[in-house]
């Protein structure tokens, strides 16, 4: 039972400390906007200070009446000393997040046994958003292999975009074309980042 009580008390204390130390996001700005000289706030019903009442022997007199929670007549007539206007403050500086710049980077032409391969990537910020094969062999079996490689790697949802690197699985029956594509792609990634 003691452990539970101590655990709950510790949790409450640490949560309170966190809230106090962290504060709200604009708390420091509000504190700076307050005027330096403020009139003291007088609680309602306190009125001016009164001399203590004593009895005939000089001892303090004891009153049988309990304090009232209703405001006294003096408090109703007391002028309001609170300030309701706030001095104008400078606008809060805002920092917009940096805009992602979209750029296109082209890899070199890689010559291999079946022809040439060249890849172009489109980068937004630090992410690859598209990859396109600019040059791959066409016609015959080389064209079929090129189509497989292009379908697997290129586009906005291809393996290049999902992996965000040139570390891609080789397309079966198109090893040479896959390797040439990945070489051009790696060079484009190196140039982009």
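Filtering the range 105-115 for residues that are out of contact with any strand residue (DSSP E or B) (no Cβ under 9 Å at 6 or more places or on another chain), part of a loop (DSSP other than H, G, I, E, B) and either modelled with pLDDT of 95 or more or under 30 Å from residue 182 (Cβ atoms) (or both) leaves a non-empty set. Across the range 134-142, a minimum of one residue is classified as assigned to a helix (DSSP H, G or I), surrounded by 13 or more Cβ atoms within 10 Å (Cβ to Cβ) and either at pLDDT below 95 or more than 30 Å from the chain's Cα centre (by Cα) (or both).
Quick one: count up the residues across the range 138-147 that are farther than 13 Å from residue 179 by Cα and either in contact (Cβ under 8 Å) with a residue 24 or more places away in the chain or in contact with a helix residue (DSSP H, G or I) (Cβ under 6 Å, 6 or more places away or on another chain) (or both). Looking only at that region, the number is 1. Step by step: first the residues of the range 156-171, then only those that are in contact with a strand residue (DSSP E or B) (Cβ under 8 Å, 6 or more places away or on another chain) and within 12 Å of residue 119 (Cβ to Cβ), then the one that is surrounded by the fewest Cβ atoms within 10 Å (Cβ to Cβ). Which residue is that? By that ranking, first place goes to 158.
Report the residue count in the range 172-193 for those that are assigned to a loop (DSSP other than H, G, I, E, B), modelled with pLDDT under 95 and surrounded by 15 or more Cβ atoms within 10 Å (Cβ to Cβ). Total meeting the criteria: 0. Note on the range 154-167: residues that are farther than 12 Å from residue 129 by Cα and outside any loop (DSSP other than H, G, I, E, B) amount to 0. Across the range 176-193, the number of residues qualifying as under 13 Å from residue 115 (Cα atoms) and without any contact (Cβ under 8 Å) to a residue 40 or more places away in the chain comes to 1.
The values are calculated or read from the model by the stated rules, or taken from the named source; none is laboratory data. Since this is a predicted model, take the numbers as computed values, not measurements. As a convention, Cβ positions derive from the backbone with ideal geometry for all residues, glycine included, and neighbour counts pool all protein chains shown.
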